[in-house]
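> Structure provided below as structure tokens; questions to follow.
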Amino acid sequence: MKQFAVIGCGRFGSSVAKTLYSLGYDVLAIDENEDVIQAIADSVTHAVQVDATDEASLKSLGIRNFDVVVVTIGSDIQSSILITLIAKELGVKYVVAKAQNELHAKVLYKIGADRVVFPERDMGVRVAHNLVSSNILDYIELAPDYSIVEVTSLKEWEGKSLKDLNIRGKYGINVMAIKHGGEINISPTAADVIKRGDVLVVVGHNDDLQKIEQRG
């Protein structure tokens, strides 16, 4: 199972950390503010008050052993860059960093960030879902329990019709549209066949959508 470390637990970072934890992953939350750590402690696996710009502190937490480190300190650009650099130098395989603007993003990529996100464009929840599932392309939260998800077709679905797949019966979700190449079928019928590379736009309860994410 993947292990995640989220550094910086403001609104965006907390959203990422809590969502990853709710999806069943090990999450270490790191922030230098003790109140912030106390507030998130029950919503993640571990929460630690640490100054993440201190290389020795991050090293002592075993940060290099985490599969993904998410650096969500965006307001303090200098700290964001320094922590990203430290994480890569300590051997973290995949670092996702939050950027304030395009210039900040450029610097983050230059020093080794594997992915840069903009909170205005990428909700914390959406980023979390994308991190844990390779077949989830986009994620829109409709309500606390219901979402719309773009999901690439699973291999076992290829060549089968929606009727054969019985996605609603099997997963409890509804297929709203099918994207194939540049074309979008916005009212798929039971007879429509799923082809390789198709993207399904589905809606359902988050618990049911999670079953598909775990298959990806």
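The numbers here are math on the coordinates, done by the rules we state, and not lab data. Since the structure is predicted, the reported quantities are computational estimates derived from the model, not experimental observations. So basically every Cβ, Gly included, is an ideal-geometry build from the backbone, and we count neighbours across all protein chains shown.
> What spacing in nm lies between the two simple spin-label points modelled at Gln38 and Asp207, each 7 Å away from Cα in the Cβ direction?
3.4
> Evaluate E = 1/(1 + (r/R0)^6) for Met1 and His180, where r is the Cβ-Cβ distance and R0 equals 25 Å; express this FRET efficiency to the nearest 0.05.
Numbers: r = 33 Å, r/R0 = 1.33.
E between Met1 and His180, to the nearest 0.05, is 0.15.
> Say we join alpha carbon atoms closer than 10 Å with springs in a Gaussian network model of the chain; which of Leu162, Leu200, Leu85 then has the biggest fluctuation?
Checking each option, the largest mean-square fluctuation is seen for Leu162.
> For the range 3-117, compute the number of Lys pairs whose alpha carbons are separated by less than 23 Å, excluding pairs fewer than 8 positions apart on the same chain.
13
> Please give every one of the aspartates and glutamates within straight-line cross-link reach of Lys2, meaning a C-alpha to C-alpha distance under 17 Å, and leave out same-chain neighbours fewer than 8 residues apart.
Filter leaves Asp26, Asp67, Asp114, Glu213.
> Using just the C-alpha positions of the chain as equal point scatterers, what log10 of I(q)/I(0) does the Debye formula give at each q in 0.08, 0.14, 0.15 1/Å?
Those come out to -0.32, -0.85, -0.93, one per q.
> Hey, with R₀ at 22 Å, roughly what FRET efficiency would His46 and Lys93 work out to, going by the Cβ-Cβ distance, to 0.05?
Numbers: r = 20 Å, r/R0 = 0.89.
The pair His46/Lys93 has a calculated efficiency of 0.65.
> Straight-line reach only, C-alpha to C-alpha below 25 angstrom: list the lysines that Lys170 could link to, leaving out same-chain residues fewer than 8 apart.
Filter leaves Lys155, Lys160, Lys179, Lys195, Lys211.
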